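*Asks:* Would you mind keeping the following structure in view while I ask a few things?
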Amino acid sequence: QVQLVETGGGLVQPGGSLRLSCSASGRIFSINSMGWYRQAPGKQRELVAGISSGGSTNYADSVKGRFTISRDNAKKTVYLQMNSLTPEDTAVYYCNGNLEIFNGGYYYQNYWGQGTQVTVSS
């Protein structure tokens with residue numbers, strides 16, 4: 001049962017902060033490139049932030065300066081620190097990544113998390 005498990009979503013007021021976590025579980029030997037995506041009602045899913053195996057990051061223009069993606073390889077976990085939240089950030093946030101698994105041999109496969117709701121409202 002290889003999977004990505006997300007936590008940290010919830011309801012916050014404008015200007016508030018949330019920290020999302022995404023942990024890989026199962027027969028995972030390492031996490032490679034990882035990313036956070038979000039999808040608001042009536043809109044397409046978009047990349048919010050990505051991080052390479054070496055720690056290089058990239059962000060959507062709408063979140064630059066406010067969001068920070070990071071990783072802890074020992075914990076096989078990626079994080080998304082979200083500050084100065086606005087109602088425009090309201091969406092379901094999904095974790096995605098390439099995971100190195102053991103299945104007779106070692107392989108990289110892509111997985112999606114279940115999604116976690118982030119609602120920014122006063």
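The values are calculated or read from the model by the stated rules, or taken from the named source; none is laboratory data. All values derive from a computational prediction rather than experimental measurement. Note that we place each Cβ from the backbone using ideal geometry, even for glycine, and neighbour counts take in every protein chain shown. We work out accessible area using only protein heavy atoms, side chains counted, and drop any ligands, DNA or RNA first. Shrake-Rupley method; radii C 1.70, N 1.55, O 1.52, S 1.80 Å.
*Asks:* Taking Pro41 and the conditions (1) farther than 14 Å from Ser30 by Cα; (2) open to solvent by 70 Å² or more (accessible area, probe 1.4 Å); (3) under 17 Å from the mean Cα position of the chain (by Cα), which numbered condition does it fall short on, given that it satisfies the others?
*Replies:* Pro41 satisfies all of (1) farther than 14 Å from Ser30 by Cα; (2) open to solvent by 70 Å² or more (accessible area, probe 1.4 Å); (3) under 17 Å from the mean Cα position of the chain (by Cα) except (3).
*Asks:* Now for a different question. Grab the strands (runs of 3 or more DSSP E) fully contained in region 69-122, keeping just those with 1 or more residues being under 13 Å from Ser30 (Cα atoms).
*Replies:* By residue number, 77-82, 91-102, 106-112.
*Asks:* Restricting to region 69-122, give me the number of residues that are in contact with a Phe, Trp or Tyr (Cβ under 7 Å, 6 or more places away or on another chain) and of a type in the set (A, V, I, L, M, F, W, C).
*Replies:* 9
*Asks:* Testing Val2 on (1) under 22 Å from Glu100 (Cβ atoms); (2) of a type in the set (Val, Ile, Thr); (3) surrounded by 15 or more Cβ atoms within 10 Å (Cβ to Cβ), one condition comes back false. Which one is that?
*Replies:* (3)
*Asks:* A further question follows. List the number of the failed condition for Asn32; all other conditions in (1) open to solvent by less than 80 Å² (accessible area, probe 1.4 Å); (2) under 12 Å from the mean Cα position of the chain (by Cα) hold.
*Replies:* (2)
*Asks:* Taking Gln114, is it under 11 Å from the mean Cα position of the chain (by Cα), of a type outside the set (D, E, K, R) and open to solvent by 60 Å² or more (accessible area, probe 1.4 Å)?
*Replies:* Criteria met by Gln114.
*Asks:* From the list Ser21, Ser56, exactly one residue is under 16 Å from the mean Cα position of the chain (by Cα) and surrounded by 15 or more Cβ atoms within 10 Å (Cβ to Cβ). Which is it?
*Replies:* Ser21
*Asks:* Another one. Suppose we filter Gly15, Gly10 for residues that are farther than 18 Å from Gln117 by Cβ, out of contact with any helix residue (DSSP H, G or I) (no Cβ under 9 Å at 6 or more places or on another chain) and open to solvent by 20 Å² or more (accessible area, probe 1.4 Å); which single one remains?
*Replies:* Of Gly15, Gly10, the one residue that is farther than 18 Å from Gln117 by Cβ, out of contact with any helix residue (DSSP H, G or I) (no Cβ under 9 Å at 6 or more places or on another chain) and open to solvent by 20 Å² or more (accessible area, probe 1.4 Å) is Gly15.
*Asks:* Determine whether region 74-84 contains at least one residue that is over 26 Å from Gly16 (Cα atoms) and buried (at least 18 other Cβ atoms within 10 Å of the Cβ).
*Replies:* The answer is yes; a qualifying residue exists.
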